[in-house]
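Take a look at the structure below.
The values are calculated or read from the model by the stated rules, or taken from the named source; none is laboratory data. This one's a predicted model, so the numbers in the text were calculated from it and none came from an experiment. Positions of Cβ are generated from backbone atoms using ideal geometry, with glycine treated the same way; all protein chains shown enter the neighbour counts. Quick note on the areas: whole protein, heavy atoms, side chains included, nothing else; ligands and nucleic acids left out. Shrake-Rupley method; radii C 1.70, N 1.55, O 1.52, S 1.80 Å.
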Amino acid sequence: MKPTKFFTTLLILSGIVLLSSCLGPRKVNKWVQQHYATVNNMATKKSEDYISINTQLSSGDNSLSKTEKKIANILPLIVYWQYDYLNTCTLNPQLPINNFTETVLSYAHTKRLKQKLNGRKIEFTINKMPGAFSINDRGHIVWLIYIFSWDKIIFKAVTREMEVSYRVMEGDVEVKKGMVAVTGLKEEKFLGLFQSLRKRTKQFLAEYDAEVKVMSKKALDKIMSEL
């Protein structure tokens, strides 16, 4: 290949790498907003007469999510290129906190926590909460006579730990305290063949919410085993 033709092809490939992914922060934030508009809002019940749930986690604003995009892991070989468009989305902490609160208040009734406390009260403080995920658009380009390209979309939780402190109160006296941690959300999810990226993102958020509920129940189970 002549040098001029080589550099022209290289320029075309660079343009493909920079421009080929149409997924960006605006779309991700829009899909997050659409999902949570139907399944969650920013206000929820935070206590029962024997349970209170508190946290210092706060985003400082009312936006449902903030997403950042970067290009990473560019691998430019002679006839093969690989690159990653990484969109990292951080949810407003109130969304997973609401999920935890609603789950724990309901689950505590099922597990008969009130009867186990026997007139005492319990205070939960949420220290850590899963609230960020990434969508990795991993692109591939093979160029010989023609240019061939394809992408693999990977959804992955970025933060996976839930940490909850608790205090058991008898009147104004603290009779027990402790802290439990639960880790989850380990499994990567993928965009299926011919599947809509918008629909898959919303499906991933639903799966994410469901796993946070499971983690919330595990956290309460651990606390109850210590009482």
For the pair L193/Q115, report the inter-label distance in nm, with labels modelled 7 Å from Cα in the Cβ direction. 5.3 nm
Accessible area of region 146-227 with a 1.4 Å probe: how many percent of it is carbon plus sulfur? 52 percent
Taking 0.36 nm per residue of separation between K222 and Y50 and subtracting their Cα-Cα distance, the length gained on full extension comes to 60.1 nm
In region 158-227, trypsin sites (Lys or Arg not before Pro) in a DSSP loop with at most 12 other beta-carbon atoms within 10 Å: K186
Pairs beyond 20 Å (Cα-Cα), from K116/K177; K111/K186; K66/K152; K30/K186; K27/K213; K30/K69: K111/K186; K66/K152; K30/K186; K27/K213
